[in-house]
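Notes follow the structure.
Every number here is computed from the coordinates shown, using simple stated rules; none is lab data. Since the structure is predicted, the reported quantities are computational estimates derived from the model, not experimental observations. Using ideal geometry, Cβ is built from the backbone for each residue, glycine included, and neighbour counts are taken over all protein chains shown.
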Amino acid sequence: MPAPTSSGSMRDRLLSYWERYGVFWLGALLVGLVSVGYASLMDSAFALFRRIEAYAWWLPLVLTPAGAALAVWLTRKYFQGAEGSGIPQVIATLEDHSLARSLLSFRIMIGKIIASFIGMLCGFTIGREGPTVQIGASLMYAMRRGYRHSSEFMENQLATAGAAAGLAAAFNTPLAGIVFAIEELNRNFASRTSGILIAAMLFSGVVTISLQGNYLYFGQIKATIPWLWSAVPILLAAGIITGLFGGLFCWLLLNTLRWLPSPLALIKRLHPVWFAAICGLVLAIVGVVSGGATFGSGYAEARSLLETQEPMSPFYAPLKFIALTVSYMSGIPGGIFAPGLAIGAGIGNLLSMVVTTLPLQALAALCMVGFLSAITQSPLTAFVIMVEMTDGNDMMMPLMAVSLLATQVSKCFWRLPFYHALALNYLPNAGQAKAAQQTQVT
């Protein structure tokens, strides 16, 4: 007859189960919960900005520069590593694990939330998706403390799963989170990590759906594109135009000091807080000129176009392009996914003035996926995000074609993917790689 199980061995078994499943599941649930809370916080910030803007049209001319200076000062003084999107920081930590403790921490997470909240409160053209990726990675990386024995591989798995879960929760696109991790975060992805990613999507998704419902981020696209030869020139035009705009966007942000006037370049290097204030003033002027349309992420404008099919102003796309470029140049924490999709919708709106054989809704969707693919050079991620966000299964082949074409056109400007090029800024001994990339600029 076997001996009864001792209390010590039972405790060890429970601890083993906790380490194998409990820590990870708890982390994934926390990512979903924090992602939903962060989304609500950002929405509330922009709603408050709209009320301030409605009170007096000139208030953004004061509020936006002041808020930009405050956000960048806080970031550089207390939260270095929280600037920008957050995706380059996650990529850098996966390339060099020694950076994880400085780029993925509770301090960075808190700083990201505070500074991006200030940015949205001041009307900056930023999205919450990139920050949610860094927040999710930071949360999951912190869960390593729940293990008795940690390893670099396990900690990278946690960070990757947290980042992917953060993107999935931000857009309510679980499949896109997995594709994003494989295509963008870690291009040398280990197959045994796929189960961990799926579990992370499941648990964070349960929290998101429980609190927000099983919604489509941009609503449902009801338009279809017949796969006929007559549609090919339109798809080519959408892919080439969005690829050119997306490639230009990447070039401008990766070569800021090369095209900025010398006085502004000097201010950016020596006085980044003042430079942020100048960017805020430019952004406010663009916002006032556009009647307030360029403030914020652009989610409302893009969704309205897809749902109502009412045309935008023809100036929306170029003005939104300027607003996003200036916002990212300022150094304020914030993402480019949602604003990039809004710019794509605006390009589709412009294309509809020439193309009359396809509905506006379809053209907008094509250009949205094209521009997002061009700025990230991750065509599969952009394609899956667009399909999941809009339930656009009837447009899968055209969306995929435009996504791939736009990516190739964008590479004519800068061959290294945008986020990976920015990640070099965080990697030690990356000078040779940066110099090599300079030779790739057309």
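Note that the range 351-363 has calculated 3J(HN,Hα) couplings of 5, 5, 6, 10, 8, 10, 8, 10, x, 4, 4, 5, 5 Hz, one per residue in order, obtained from phi through the Karplus relation 6.51 cos²θ - 1.76 cosθ + 1.60 (θ = phi - 60°); glycine and proline are x. Here the range 108-129 is scanned for amide nitrogen atoms under 20 Å from the site 7 Å beyond the Cα of Ala56 along Cα-to-Cβ, giving 121-124. Inter-label distance, Val232 to Arg258: 3.6 nm, where each label sits 7 Å from its Cα along the C-beta direction.
Summarising the amide proton neighbourhood of Gly335: residues at separation of 5 or more, or on other chains, whose placed amide H is nearer than 5 Å comprise Gly127, Arg128, Glu129, Gly130. For the range 16-89, the gyration tensor built on C-alpha atoms gives an oblate shape. Its axis ratio a/c (a ≥ b ≥ c) is at least 1.5, and a/b is not larger than b/c.
Could you grab the relative contact order for the range 259-417? Cα pairs under 8 Å, six or more apart, rounded to a whole percent. Worked out over the range 259-417, it gives 18 percent.
Applying 1/(1 + (r/R0)^6) with R0 = 35 Å to the Cβ-Cβ distance of Arg145 and Glu310 gives a FRET efficiency near 0.10. Using every pair of separate Cα atoms, the Kirkwood estimate puts the hydrodynamic radius of the range 291-366 at 12.5 angstrom.
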